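A quick write-up on the structure given underneath.
The values are calculated or read from the model by the stated rules, or taken from the named source; none is laboratory data. Bear in mind the structure is a predicted one, so any value in this text is a computation, not a measurement. Cβ coordinates were reconstructed from backbone atoms using ideal geometry, including for glycine residues, and neighbour counts include every protein chain displayed. For accessibility, only protein heavy atoms count, side chains too; no ligands or nucleic acids. Shrake-Rupley method; radii C 1.70, N 1.55, O 1.52, S 1.80 Å.
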Amino acid sequence: MSKNVYLENLGCAKNQVDAEVMLKILKDRGWTHVQEVGKADLVIVNTCGFIEPAREESVNTFFSLKDLNPHAKFIMSGCLSQRYAHNLDLPEADAIFGNRDLSALNKVIDEMEAEEKTGDDHQIVVAPEYPDPDDDAYKRDEILNFTGSAFLKISEGCNHWCSYCAIPVIRGSLRSCAKFQILDEAKRLIAHGIKEINIIAQDLAAYGTEWDEKSHFLELLSDLYALGGDVKYRLLYIHPDAFPVELIDFVKTHERVFPYFDIPVQHVAKHLLRSMGRTGDSATYLSLVNKIRASLPTAVIRTTIMLGYPGETEEDFEEVLHFVKQARFDWLGCFVYSREEDTKAYDLVDEKTQKENEKAGARRKAAIEAEQEKITSERLEERFVGNVYDVLIEEKIEGEDLSIGRIYSQAPDVDGATVVMGRNLLPGMVVKAGIRGVNGVDLDAVVLEDYNG
Ligand code: SF4
């Protein structure tokens, strides 16, 4: 079997890290990662299975790639495969591969290669319940981000079991990676010249809590910081109800940790939060936001709001809209509740009521997004224009003295970007630039020094 593999990654940053690990496993077996599906002998579609629209996108992507290269072997991997491994009606896939034990990809490839010899052609299904504790399926050497940036996953699964969320169903209960593995991986990334490490998990603050019910995140962050190097850290996803306030001081005293906080509150109506399995409320979340801002005036805060959850009333919506106006987040993502099998909230409503809730949720989502769009551009204008920042250049706009990059306030894939005017800027460079304006959710900047490339 000649060995060109094409990988299409869907879903979240955690899925991307899995894709990078799978590429390493294949590379160690002599495979070559190709960027054109037409050149591949094997195509891996690394799926997302979180909510219905994501599942649809995964299946549609699979078939559109299959049309582009009907002769290749196809593996459907990722969350959709893990969630429905044994009842995924997709005979077009040569293998269904879950994501709880990535080293088991070797088993899939072994079986595929064996089948090539025997001419046998049954669908391979590999979706182990738990990872092989001894495997070191953690290493990567190809990062699928833009040059200079990488994700560092510190744990898998989640023990919060929020009532609407299918992630614990898919990824299992919380499994924190061993600290030495994380530090080794960070050392590799720093040695590779990575300038920005985005630390990810379902909830960073839950790191190590399954060991002794204590969060070991600050210890880990402190050890990561002690590695030194010309690298900055960004923290993505901290559950608001378990937010470690001592983190604020840590960020204040450690300049290579961006003052960037992604704290998904989901809602503020107490009865809904309790039904979701959460303990906060509007006042608690507002005081957390104010506490961060009081100590870190340059702090950037992102959140997530879910609308249309069973039992949500017009008053609840008014309450969360009011909260959004008060909190004035820098970035906010908004979703409509998706009724997910095997989750605690599934039986709260029937399909008919869910359809009605989805309609109301969509209307409320539009209203929150309209309000947030105003807030985001006002905050970009009042906080960033006229200041100078380090910009991590990600891509050059062909034929122009323009490049796209990000400053500390802009996380990969989810926030706006910074368009920088300047010559000879290369992806992976960190350049000083002055912000001269706002364009929608993006910043316009001009480089302050000449780069002779
Ligand atoms: S904390 Fe996040 S990943 Fe965990 S169950 Fe809640 S929503 Fe899902």
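See the values below:
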quantity	calculated
Charge sum, other residues only, whose C-beta stays under 12 Å from residue 245's C-beta, Lys/Arg counted +1 and Asp/Glu -1	0
Calculated from backbone phi, Karplus (6.51, -1.76, 1.60) coupling profile of segment 41-48 in Hz, x at Gly/Pro	8, 10, 10, 10, 9, 8, 8, 10
Cα point-scatterer Debye curve for the chain, base-10 log of I(q)/I(0) at q = 0.13 Å⁻¹	-1.34
For residue 92, distant residues with modelled amide H under 5 Å away	none
Accessible area (Å², 1.4 Å probe, nearest 10) - residue 382	120 Å²
Debye, to nearest 20: dipole size of the chain, +1 on Lys, Arg Cβ, -1 on Asp, Glu Cβ	1100 debye
Relative contact order (%) - criterion: Cα under 8 Å, at least six apart; region: the chain	10 percent
Amide proton proximity set for residue 4, modelled H, under 5 Å, gap of 5+	32, 41, 42
Carbon + sulfur, % of accessible area of segment 388-450 - ligands and nucleic acids excluded, 1.4 Å	50 percent
Unit charges on C-beta of K, R, D, E only; dipole of segment 133-383, Debye	560 debye
Above-threshold pairs, the threshold being 24 Å between Cα atoms, out of 73/107; 252/325; 3/66; 117/139	252/325; 117/139
Exposure ranking of 291, 232 by accessible area [1.4 Å probe, largest first]	291, 232
Unmatched cysteines, the chain - criterion: no other Cβ of a Cys under 4.7 angstrom	12, 48, 79, 158, 177, 334
Cleavage-rule hits, GluC sites (Glu not before Pro), segment 89-190, DSSP coil, Cβ neighbours within 10 Å at most 15	92, 129, 142
DSSP bridge pairs, the chain: antiparallel proportion in percent, nearest 5	35 percent
Mean Cα-pair separation over length for segment 4-126, i.e. relative contact order, pairs under 8 Å, 6 or more apart, %	23 percent
Per residue accessible area in Å² of segment 388-450, where ligands, DNA and RNA are left out and the probe is 1.4 Å	46 Å²
Convex hull per residue volume in Å³, alpha carbons only, for segment 356-436	115 Å³
Length gained when the stretch residue 342-residue 230 is fully extended (0.36 nm per residue, less Cα-Cα span)	35.9 nm
Under-5 Å amide H pairs with residue 49, H placed in peptide plane, nonlocal only	79, 80
